[in-house]
Amino acid sequence: MTFRNALLFGAAFLSGIMAAPGVVSTVGATGVLIPVAHAEAAPSTPAQDSGNHAETYRLLTLFGSIFDLVRANYVEPVSDRELITNALNGMLSGLDPHSSYMTEKQYADMQVQTSGKFGGLGLEVQGEDGHVRVVSPIDGTPAWKAGIKPGDYIVAIDGHNIDGSPLNDAVEKMRGKPDTKITLTIIRAKTTKPIIVTLTREIIRIEAVKAELYDKTGYIRIPQFTEDTAEELRKAYAELKRKAGGKLTGGLVLDLRNDPGGLLTQAIDVSSFFIPSGEIVSTRARHPKDSQRWDAKGTDATDGLPIVVLINGGSASASEIVSGALQDHHRAVLIGTKSFGKGSVQTIMPIPGNGAVRLTTARYYTPSGRSIQGLGIAPDIVVKESREDPVFSIREADLSHILKNQGGNQTKPPARNDLPALSASIPHEPPANWPTFDITKPATDFQLQEGLRLVRSMAGVPAPDPVASLPPAPTTTPAKNEASH
């Protein structure tokens, strides 16, 4: 496996705090969390081949023999707990990229993260084969302010090389007290020299939502689905209406780009905020009695307001549930690029005194019955962020031993015959003279600007073309052919 195409989904950490993919961040990776009772209380059904007790005992004896060999002969002493923890991680992570074992400390860190407040840099990273890859910086955090991007590789911390080190070691080095400095050395695609950035650690408080008013058009960004997301959405929407004089006459843009997911309950509540009736999402587990379906709660808080949703390759899990539900119900138009493609559900099973197991227990399906596992949500209108190939290119389908896409009645979204006329003329990428994208400057965000244009058209208000206001593109004069004939 080469450095550039290493799939870094062995484990995921946020600013040095464990947040494995498929729970509350993924990630890229990404995820859904369903709290359950302690593991010993969970129903258990023997596997189909577990009746062969002699074979089971033989394999357990093999495990014990290898355990003794490693403990006695490894190049340096290693504790029994470390060996067992590694074995548990191997057993679970070998099933799929989103199952794993969490130590007591990692489980506590994960619980802190779901509350939306924790310490560190605001940087989600993942590791495999000794490489540390950035999944996404969290909006407004030191990592975000420093310009660290999805796809960056961290190769040194405070001048000390970490490439080839275990991810845990790298994460421990990134942890520290608030207001202390840390220097990261980064390798970025298409950049010839390493990038060195110095950050100041701080307590990270994940903003549940961000909201802006562009004339009479509302904009709401959900960076992750934490415990307060749905409530913060309600507050943000009410405040936007107040600022707009009582009504968002220009519609609403919902930004789910680079949202790695989070809590299933919050994804359902956010969807129900916009969808008046019908299914939001369903899950199908190994045992039919554990399968579930969630429906909308009977009201559309926006009263049919036109909505455009922005998605990209970093939109995973919970954000895919929301965008899939809005797309299937024809409640919103999706623009951007294809989402991550995580269609599985993880259950957290606490083991008192010994952490917890995060286990994939179900697949989820959009209201039309499709599974997006490994496929992602395809936008109704493709709009790229820039003319270059996207940096965030690793998706669920690129991971090793992923779950198969099965059980759905279709793989494509229902046909749309309700797209506005303007949708046919929206360009799929910025023009050559579009300004360089700067995350702190909305006017340079091509996907956002086209989203605003589209939703205003849907709302029946003037929708100026953002490209029309650009200065003329520079013209190039062909080189004079000076060769003699």
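Key figures for this structure:
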read-out: Residue match in region 236-258 (condition: in contact with a Ser or Thr (Cβ under 7 Å, 6 or more places away or on another chain) and at pLDDT below 95); value: yes
read-out: Residue ranges of strands (runs of 3 or more DSSP E) in region 261-377 with at least 1 members within 28 Å of LEU248 (Cα to Cα); value: 261-263, 279-285, 292-295, 307-311, 333-336
read-out: Matching entry among LYS412, LYS338, LYS404 (being out of contact with any Asp or Glu (no Cβ under 9 Å at 6 or more places or on another chain) and free of Cβ contacts under 8 Å to residues at least 40 places away in the same chain); value: LYS404
read-out: Residues within region 279-291 that are free of Cβ contacts under 8 Å to residues at least 60 places away in the same chain and surrounded by 15 or more Cβ atoms within 10 Å (Cβ to Cβ), tallied; value: 0
read-out: Every residue from region 222-235 that is over 23 Å from THR299 (Cβ atoms) and out of contact with any Leu (no Cβ under 8 Å at 6 or more places or on another chain); value: PRO223, GLN224
read-out: Region 202-219, subset part of a loop (DSSP other than H, G, I, E, B) and out of contact with any strand residue (DSSP E or B) (no Cβ under 6 Å at 6 or more places or on another chain), residue surrounded by the most Cβ atoms within 10 Å (Cβ to Cβ); value: ILE206
read-out: Only one of LYS441, LYS480 that is within 21 Å of ARG221 (Cα to Cα) and either exposed (fewer than 14 other Cβ atoms within 10 Å of the Cβ) or at pLDDT 95 or above (or both); value: LYS441
read-out: Residue within region 410-433 that is among the acidic types (Asp, Glu) and not assigned by TED's automatic domain parsing to the domain that holds ILE335 present; value: no
read-out: For PRO276: the one exception among (1) surrounded by fewer than 16 Cβ atoms within 10 Å (Cβ to Cβ); (2) of a type outside the set (D, E, K, R); (3) in contact with a Lys or Arg (Cβ under 9 Å, 6 or more places away or on another chain); value: (1)
read-out: Residues that are under 17 Å from SER317 (Cα atoms) and part of a helix (DSSP H, G or I), drawn from region 226-260; value: THR229, ALA230
read-out: Failed item in (1) within 17 Å of the chain's Cα centre (by Cα); (2) closer than 24 Å to PRO367 by Cα, with SER277 passing the rest; value: (1)
read-out: Which listed residue, of ILE196, ILE222, is aliphatic (A, V, I, L, M) and exposed (fewer than 15 other Cβ atoms within 10 Å of the Cβ); value: ILE196
read-out: 1 or more residues modelled with pLDDT of 85 or more and closer than 23 Å to ILE203 by Cβ: qualifying strands (runs of 3 or more DSSP E) within region 123-162; value: 131-137, 153-157
read-out: Lone qualifier among ALA463, ALA421 - being touching a helix residue (DSSP H, G or I) at 6+ places or on another chain (Cβ under 9 Å) and over 22 Å from ARG221 (Cα atoms); value: ALA421
read-out: Count - residues of region 225-259 that are of a type in the set (D, E, K, R) and buried (at least 23 other Cβ atoms within 10 Å of the Cβ); value: 3
read-out: Sole exception among (1) touching a residue at least 12 places away in the same chain (Cβ under 8 Å); (2) over 26 Å from SER457 (Cα atoms) for VAL308, by number; value: (2)
read-out: One residue from ILE311, ILE321 being in contact with a Phe, Trp or Tyr (Cβ under 7 Å, 6 or more places away or on another chain), assigned by TED's automatic domain parsing to the domain that holds VAL253 and surrounded by 21 or more Cβ atoms within 10 Å (Cβ to Cβ); value: ILE321
read-out: Unmet criterion (only one of (1) of a type outside the set (Val, Ile, Thr); (2) without any contact (Cβ under 8 Å) to a residue 12 or more places away in the chain; (3) surrounded by 17 or more Cβ atoms within 10 Å (Cβ to Cβ)) for GLY262; value: (2)
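The values are calculated or read from the model by the stated rules, or taken from the named source; none is laboratory data. The structure displayed is predicted, hence computed values, not measured ones. Cβ: placed from backbone, ideal geometry, glycine included. Neighbour counts: every protein chain shown.
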